[in-house]
Amino acid sequence: MIYIYGDSHSNYSFKNLSLPHRNFYKNSITMFRIGRDSHIENFDKENITKDTDTDNLIILSYGEIDCRCHIHRQVNLQRDEDDIIYELVNNYIRAIHNNTEGIDANVLIVGVIPPTKKSDYENLHGQITHKFPFIGSDEDRVRYTQKTNKLLEELSNKNDFNYFNPYHHYTRDDGTLKYELSDNLVHIGDNTYFLEQFIDLYGRRYQ
């Protein structure tokens with residue numbers, strides 16, 4: 001059985017997944033919050049049962065909100081961006097390890113989706129307000145996302161977690177999200193490629 005935990009991107013990216021799964025996503029949850037509280041929203045070890053035919057797989061997908069606004073807020077407080085990202089990702093991975101330790105399941109960490117270009121969003125929805133913040137330039141948010149994903153991959157490998165990042169298909173040359181493949185907000189709209197890559201990975205590693 002596949003168990004999915006994450007923010008709203010877990011809903012959009014895995015929608016119409018044909019494999020047996022349960023999606024426990026919860027909107028607006030940050031990577032920072034998971035690491036700070038050492039608590040995965042809606043996660044309960046009792047929900048994860050042993051399947052005699054296939055291995056259990058726990059999927060976690062967080063970080064878009066952090067890269068879109070919270071990292072730059074900390075930079076504006078004169079903190080070094082590498083220190084911010086190092087602390088963010090290390091606390092997140094530690095929380096996942098603490099919550100999944102002793103469970104008979106594989107763990108898969110999903111990378112962070114490429115950031116939405118501010119002008120793409122504003123062309124459709126008008127000027128961005130504090131209710132849906134984009135903080136930092138497009139270049140800043142691309143850099144934060146790339147650094148976060150690099151560290152996620154490194155720490156996933158060190159902790160015997162698998163890492164999954166099929167977002168090259170959704171990424172422009174400048175590192176922003178291809179808006180024609182989005183939901184016209186900040187999520188994937190057409191997730192066909194995402195699902196194809198995940199199903200291929202699942203078949204090779206977990207079946």
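The values are calculated or read from the model by the stated rules, or taken from the named source; none is laboratory data. Keep in mind it's a predicted model, so treat the numbers as computed, not measured. Note that we place each Cβ from the backbone using ideal geometry, even for glycine, and neighbour counts take in every protein chain shown.
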### Task
For residues that are out of contact with any Leu (no Cβ under 7 Å at 6 or more places or on another chain) and closer than 22 Å to PHE134 by Cβ, tally how many sit in segment 35-70.
9
### Task
Specify which of the listed residues (LEU88, LEU60) is surrounded by 18 or more Cβ atoms within 10 Å (Cβ to Cβ), in a strand (DSSP E or B) and at pLDDT 95 or above.
LEU60
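Can ARG22 be described as under 29 Å from GLU139 (Cα atoms) and either out of contact with any strand residue (DSSP E or B) (no Cβ under 6 Å at 6 or more places or on another chain) or of a type in the set (D, E, K, R) (or both)? So that I can check it myself, show each step before the final result.
Numbers: under 29 Å from GLU139 (Cα atoms): no; either out of contact with any strand residue (DSSP E or B) (no Cβ under 6 Å at 6 or more places or on another chain) or of a type in the set (D, E, K, R) (or both): yes.
It is false that ARG22 is under 29 Å from GLU139 (Cα atoms) and either out of contact with any strand residue (DSSP E or B) (no Cβ under 6 Å at 6 or more places or on another chain) or of a type in the set (D, E, K, R) (or both).
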### Task
Go through segment 149-185 and count every residue that is touching a Ser or Thr at 6+ places or on another chain (Cβ under 7 Å) and within 18 Å of LEU60 (Cα to Cα).
2
### Task
Hey, can you tell me all the residues within segment 138-176 that are buried (at least 20 other Cβ atoms within 10 Å of the Cβ) and among the aliphatic types (A, V, I, L, M)?
VAL142, LEU152, LEU155
### Query
Can you tell me which residues in segment 6-55 are of a type in the set (S, T, N, Q) and in a strand (DSSP E or B)?
ASN23
### Message
Testing HIS168 on (1) closer than 26 Å to GLN74 by Cβ; (2) under 15 Å from the mean Cα position of the chain (by Cα); (3) assigned to a helix (DSSP H, G or I), one condition comes back false. Which one is that?
### Response
(1)
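Residue-wise test of (1) at pLDDT 95 or above; (2) of a type outside the set (S, T, N, Q); (3) more than 30 Å from GLY102 (Cβ to Cβ).
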residue	(1), (2), (3)
PHE161	yes, yes, no
ARG172	yes, yes, yes
LEU177	yes, yes, yes
SER182	yes, no, yes
HIS187	yes, yes, yes
THR192	yes, no, yes
GLN197	yes, no, no
GLY203	no, yes, no
GLN207	no, no, no
